[in-house]
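Please treat every number below as a calculation from the coordinates, not as lab data. In this text the structure is predicted, and so the values were computed from the model without any measurement. Glycine gets a Cβ as well: all are built from the backbone with ideal geometry, and neighbour counts include every protein chain shown.
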Amino acid sequence: MKAFDGYNPIAVFIYYAAVVSVGMFCMNPWIIGFSLVGALVTFFIRNKLSGAKSHLFFLLMFAVMVIINPLFNHNGVTVLLVINDNPITLEAIIYGIASGAMIIGIIYWFRSFSQIMTSDKLLYLLGSISPKFALILSMTLRYIPLFEKQTQKVVHAQQALGLYRDDDFLSKIRGGIRVFSVMVTWVLENGVITSDSMTARGYGITKRTHFSIFKFRRHDIILTVTTVILFAVMLPTLITGAINFEYYPKIVGEETTVFSVLAYISYGILAFLPTITEAEEKIRWKYLKSKI
């Protein structure tokens, strides 16, 4: 087994598409719980506790969603209290908790996805589908850091000339407009230069070839097949509504059956596949270091 970064981008994309699509559109508490815990563990096993402020922000977001939903949504039959003739129901509180947990889980899935699927992997993934779109994306990704660096150069140059002052609000606005005008000209000029360079190099004359360091190996096949099997086990229950869960007007879930239990187990395994992979890789690495 390899750490999740080492898998082929196609296998990783299929995995995230499966785990996120189920976690995003199924409001069953078991699915939401597996999705949230799996996403958090996957993220923290890679990042530990870095970026504490962002985690506090998401915790605050979750708390706001839990509080706001019962204040504005008064559906439900179990009234806990009444504030200004507006009933606060248990169902609304439970739904706020469930929807908040679902959204936070999806956000953390995408955070780990953005770390694993770097720009070169996205280009590899999109290059086989649409080479032109992949080219536009690669140019866009390249221009973002260049634009930031050039903006800083222009700001520093204007500050050296005394045309840009941070202490005066109006001067700051005028300086910002001037910098923006310069940067628009710079972007247009570089776009023309890039276009002329591509034309001179014969872009578009013949069919484009490409080189990639990513190969589809045995561990990628294992991950893809495992993902497809686990998702296929869940698919019938999703289509038939066997794991549906209603919050309004009364909290009611579908009857637990063998198929629903299999669906919960399948999604639980699916949600923790990156964790299992990362943990196995860390344990192996520590074991090999201990043998040195």
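Points to keep in mind about this one:
- Taking every alpha-carbon pair under 8 Å whose residues sit at least 6 apart, segment 129-200 reaches a relative contact order of 24 percent.
- With Cα atoms, 0 to 90° folded angle of helix 169-200 axis to the chain main axis: 80
- Positive dipole terminus of the chain, leading residue within Ala160, Pro29, Ile67 (C-beta point charges): Ala160
- Cα-based convex hull, segment 191-292, per residue volume (Å³, whole number): 309
- Overall form of the chain per C-alpha gyration tensor (a/c, 1.5; a/b vs b/c): oblate
- Relative contact order of the chain, taken over Cα pairs closer than 8 Å and 6 or more residues apart, is 32 percent.
- Placing +1 on the Cβ of every Lys and Arg and -1 on the Cβ of every Asp and Glu, with no other charges, gives segment 129-200 a dipole of roughly 60 debye about its Cα centre.
- Helix-only CD estimate at 222 nm, as mean residue ellipticity for the chain, using -39500 (n - 2.57) per DSSP H run (n ≥ 4): -25000 deg cm²/dmol
- Most positive-pole-ward Cα, Leu40, Ile193, Ala279, against dipole of the chain from beta carbon charges: Ile193
- Given charges at beta-carbon only (K, R positive; D, E negative), |dipole| of the chain in Debye: 1480
- Between the Cα long axis of helix 258-271 and the first principal axis of the chain there is an angle of about 30°, rounded to the nearest 10.
- Between helix 90-116 and the chain: long-axis angle, C-alpha atoms, 0 to 90°, nearest 10: 40
- Gap separating the Cα centres of segment 76-110 and segment 132-192, nearest whole Å: 45
- Rg and Dmax [Cα atoms of segment 129-200; Å; Rg one decimal, Dmax integer]: 15.8, 51
- Kirkwood hydrodynamic radius over Cα pairs of segment 211-267, then Stokes diffusion coefficient at 20 °C and 1.002 mPa s, in µm²/s: 158
- Positive-end extreme of charge dipole, the chain - chosen from Ile116, Ile269, Asn244 (charges on Cβ): Ile116
- Cα gyration tensor category, rounded, prolate or oblate, for segment 14-105 with a/c compared to 1.5: oblate
- For segment 1-101, trypsin sites (Lys or Arg not before Pro) are listed when DSSP marks them as loop and at most 10 other Cβ atoms sit within 10 Å of their Cβ; the list is Lys48.
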